[in-house]
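Every read-out reported here was derived from the displayed coordinates using simple, explicitly stated rules and does not represent laboratory data. Note that the coordinates shown come from a computational prediction; the quantities given were computed from them, not determined experimentally. When we count neighbours, we look across all protein chains shown, and the Cβ atoms used for this are built from the backbone with ideal geometry, even at glycine.
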Amino acid sequence: MHPETVQTPTPSQIWLRRIAVLALVLAAGVIILGAWTRLSDAGLGCPDWPGCYGHLDVRKAIEHVNEQNASNPGALREAHKAVPEMVHRYFASTLGLLILIIAGLSLANRKREKQPLKLPLFLVVLVIFQGILGMWTVTLGLQPTIVMLHLLGGFTTFTLLALLTARLYRWPRFLNDCDVRSLRTLGGLALAAVILQIALGGWTTANYAAVVCTELPVCERGWTEHLDFEDAFVFWGHEHDKPDYEFGVLENDARTTIHVMHRFGALLVTLMVLLLVGRILLRARSVFFRNFALVILGLLALQVALGISNVVFAVPLWVAVAHNFGAVALLVSLVLFIRSINVKCGARHPRHPDGQP
């Protein structure tokens, strides 16, 4: 069988790959900064949008806050909370610009072989929606549903950038291991469990329920008597008399319910992913998939350890941020695994003379 002809990558395609990698790294930074901002209670450090107290320069915003608080103590929030919020906006705006460039280069190369186009264009729509959610997060005073959707949007952006990068680099190139293809259903179920758990984690954070349960494995003794599902999962129209949603508006029973459900979700994810890893190791004939299974297992073990550390050490900021990013790393690993088992097995992909796929 003659190998199919593959076009040599143009300079714009090479730059597209490089910018996709840069955008992926920047997206990781945006997620980390977003978690840092949210978990350090700086989400309303700048109560307006897109500037901060009318300033796009965070230094001028800090001067404004200090001047106002000097003349009228306590009039505005602490000045230092403006820094993570505005730095996060700077990074997110730069990411949006890179995604626009990616879409433009993809359009320019749309006639090239196997050039992704729908995914880059969808990323443009997604990043615009993310910007709107970022605005609503501030203008609606950290409304929990908006906060959760903003987190999910950030995770989706990072995951799709990882998928786009894999497609641009034609990764994986060749897998002569057809037995793992039967794991599509199990892989899909594990992925669905992780997505649900991420949403529960976002809902837990958005409602300030992370510190409600301080004991393992589930919660304090008698937790079954303090469950309130009716109020725990109200996604809109919360009744409260506070000016915003900072530090939460739900009663303790509702927060306990959210936290407990997140822990049960963690148990479900652990079981599903362990089952998937075990099945991969049993079926895989290639080193690639065996190593892939070990990577997924390592990410799961790290997430479990970070989750337990959050409980034992009362949610230290760096542990909570790492736990947040660990979730998206596990999500991406499952998405890339599903992509890998859908690569046509049994026939090599052709390579370019320069060694590129």
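Quick notes
- Pairs of lysine residues in the chain - Cα separation under 22 Å, sequence separation of 8 or more or cross-chain: 4
- Ranking 37, 119, 141 by Cα position along the charge dipole of segment 37-161, where only Lys, Arg, Asp and Glu carry charges on their C-beta atoms, puts 119 farthest toward the positive end.
- Charging the Cβ of each Asp and Glu at -1 and of each Lys and Arg at +1, and nothing else, the dipole of the chain about its Cα centre rounds to 2620 debye.
- Dipole of the chain, positive direction: furthest Cα of 182, 70, 328, with charges on the beta-carbon: 182
- The alpha-carbon positions of segment 179-357 define a convex hull whose volume is 164 Å³ per residue.
- Phi angles of segment 212-225 translate, via the Karplus equation with coefficients 6.51, -1.76, 1.60 and θ = phi - 60°, into HN-Hα couplings of 5, 9, 10, 10, 10, x, 10, 6, 5, 4, x, 5, 5, 8 Hz per residue; Gly and Pro are given as x.
- Taking a ≥ b ≥ c as the square roots of the eigenvalues of the Cα gyration tensor, segment 106-207 is oblate, since a/c reaches 1.5 or more and a/b is not larger than b/c.
- DSSP H segments from the chain that extend 24 Å or more along their own axis, Cα-based, with Kyte-Doolittle mean of 1.6 or above: 118-139, 287-312, 317-341
- A Cβ-based charge dipole, computed about the Cα centre of segment 179-357 with Lys and Arg at +1 and Asp and Glu at -1, lands at about 1840 debye.
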